[in-house]
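Working notes, structure below.
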Amino acid sequence: MPIRVLEPELISQIAAGEVIERPASVIKELVENALDAGARRIDIEVEKGGAALCRVRDDGSGIAAEELPLALARHATSKISALDDLEHVVSFGFRGEALPSIASVSRLELISRTGDAAHGWRVVASNGAEAKRVPAPHPPGTTVEVRDLFFNVPARRKFLRSDTTEVQHIARHVERLALSRFDVAIHLTHNQRRVLALPAAPDAASREQRLAQVCGSEFLDSALRIEHETAGLRLSGWIAQPTFARAQPDLQFWFINGRPVRDRLLVSAARLGYRDVLFHGRHPAYVLYLELDPARVDVNAHPTKQEVRFRDARLVHDFVHRTLATVLSETRPQAHAHAPAPTRMFEPRQIGFALRDTAAPTYVADTTAAAIAPTSSPDEHFPLGFALGQLHGIYILAQAADGLIVVDMHAAHERVMYERLKLLAGGEGAQPQLLLVPNVISVSAAEVERAATQREQFNRLGFDIDQLGAQQLIIRQVPALLARTDVGAMIRDVLAELGENEQSLHIQDRGNELLASLACRSAMRAHRTMTLAEMNALLREMERTERADQCNHGRPTWMRLGLAELDRLFLRGR
């Protein structure tokens, strides 16, 4: 075929394919236009999943009568005028492609009235062909009505799913936009039935109410408020505690300067922030807002404007993951902190992480964490209270000021050991101890190589491990923290575990994987009898240890059953 210029109608339909994937894309573009117009209320109506009708009405600034034809012209916009403006874009839309693209694959009607106009004006476009504008009654603001989407592109229409599925996609887009602009009331109906009713949320209480409406009340109950600013970057929002982790990444919302985005760098940074506390195979939940100079981020990276490029990606990545890691490091037992939901005590929480029956070393408390015997009832200085005893050699039962505390002793001790080992690896307080008789262990050739790879990390912790033969290692020195453990068995287990995971680990993660494995192998095992003094010492250490609410694998280390919950269980006061 010879080279030729495409027909304008075909050009518009190709452009529409980049922007309009389904009815949800139409709603997204129209609602963004309404927000850019300063709307304080947006009403969205759809029929038959949006394929038959998508109508968006707003009370924004409106479009002047003489500009209505331009609103349906390609590459016509009021939001930028020069190339330099792209570096400081703060509006949702700016390409000038949405309305003409929608009009090229639907029957579109646009009615708008500015605040100083006596009446509104209407313009109709079908299959990309524009009709003349005519007067029409309308309150100040704009209504865009899109009918018969893809009527002239039957191949695209065949790809649409059921009405229910399409409405779910629309609702997700509307929810994302609702979280970006709490000050705007948004209502969504499908076939005259209300799907979403989100009133304006001008204050903190109403914002949390909208957050609960979109993400669920359980998310709000477990959410930690976050707000941090440095080096021209500001991060705010809510992050769920690790115990609220999800099977799917369906509750992860990112906003950059108010714009909803799906950015791999930010998702990666958030997951790294949760690294030490997230259960394997689970995903964190959060609603986060990143603010920075618009010149430092390119929002013109994709036609749908949901992907961005940062001028200094490494700075942004480090800022996000360090901020989240710092906030999550404070998830330790505190007097007034939210404990994991009491009702979850009766759900199976041990699946996927079996405690071993092997003998464990004698637990020796840190001298600074000497067991404190209660002289009176527990108070707020000891959030985990004081030990009453053990249950099946697995759980510690403690009496706190507001009820009963149940602690998984292996998980709790594992977290304590992990945080101590991280300090040792950082060069803080390393106290190596020479073995009177060096310990020789037999391992595989691959494990000998693995030990050599981790030699520097082992040395930082206080180990002295050398190769003795093709399949032998000799251990001459260990950190004092692990001196009472079966060091040979522990090193064998750690090397074997590292071998199972080495293909999936990045280089920077392997050091932490070693520490986590050492902590798990050196922590006390199930069915180990503890004295009350040892139990209380562990409770005190938990109260001082960062991230003590979860073990290294993301499992909760403790639960609280309040007096009110106990009263309900036993029907007291009824």
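Bear in mind these aren't lab numbers, they're just calculated from the coordinates by the rules spelled out. Note that the structure is predicted; figures quoted are calculated from it, not measured. Note that we place each Cβ from the backbone using ideal geometry, even for glycine, and neighbour counts take in every protein chain shown.
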| request: Pull out the extension gain between Glu227 and Gln471, defined as 0.36 nm times the separation in residues minus the alpha carbon to alpha carbon distance; nm, one decimal. | output: 82.6 nm
| message | Taking 0.36 nm per residue of sequence separation and subtracting the Cα-Cα distance, how much length would be gained by fully extending the chain between Arg314 and Arg194, in nm to one decimal? | response | 38.8 nm
| Hypothetical label at Arg41: residues of the range 165-192 whose amide nitrogen lies under 19 Å (7 Å Cα-Cβ projection) | 178, 181-190, 192
| If you count, for each residue, the other Cβ atoms within 10 Å and average over each peptide, how do 324-331, 449-456 line up from highest to lowest? | 324-331, 449-456
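Rounded, prolate or oblate: which fits the range 367-560, taking a ≥ b ≥ c as square roots of the Cα gyration tensor eigenvalues, rounded meaning a/c under 1.5, else prolate when a/b beats b/c?
prolate
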| remark: Highest mean packing first, using Cβ neighbours within 10 angstrom, the peptides 98-105, 178-185, 71-78 sort as 98-105, 178-185, 71-78
| remark: A chain fully extended from Ala212 to Glu456 at 0.36 nm per residue, minus the present Cα-Cα distance, gains in nm 83.1 nm
| said: Calculate the FRET efficiency for Arg296 and Thr326 from the Cβ-Cβ distance with a Förster distance of 22 Å, rounded to the nearest 0.05. | reply: 0.50
| Peptides 226-235, 516-525: what's the order by average Cβ count within 10 Å, highest mean first? | 516-525, 226-235
| remark: Expressed in nanometres to one decimal, the distance between label points 7 Å along Cα→Cβ at Leu70 and Val440 is 8.8 nm
| field | Calculated FRET efficiency for the pair Ala247/Thr164, C-beta based, R₀ 25 Å, to 0.05 | value | 0.70
| query | What FRET efficiency do you get for Leu423 and Asp203 if R0 is 25 Å and r is their Cβ-Cβ distance, rounded to the nearest 0.05? | reply | 0.05
| Normalised by the residues of the range 216-328, what does the relative contact order come to in percent, with Cα pairs under 8 Å and at least six apart? | 30 percent
| In nm, to one decimal, how far is the Leu265 label point from the His119 one, both placed 7 Å along Cα→Cβ? | 5.2 nm
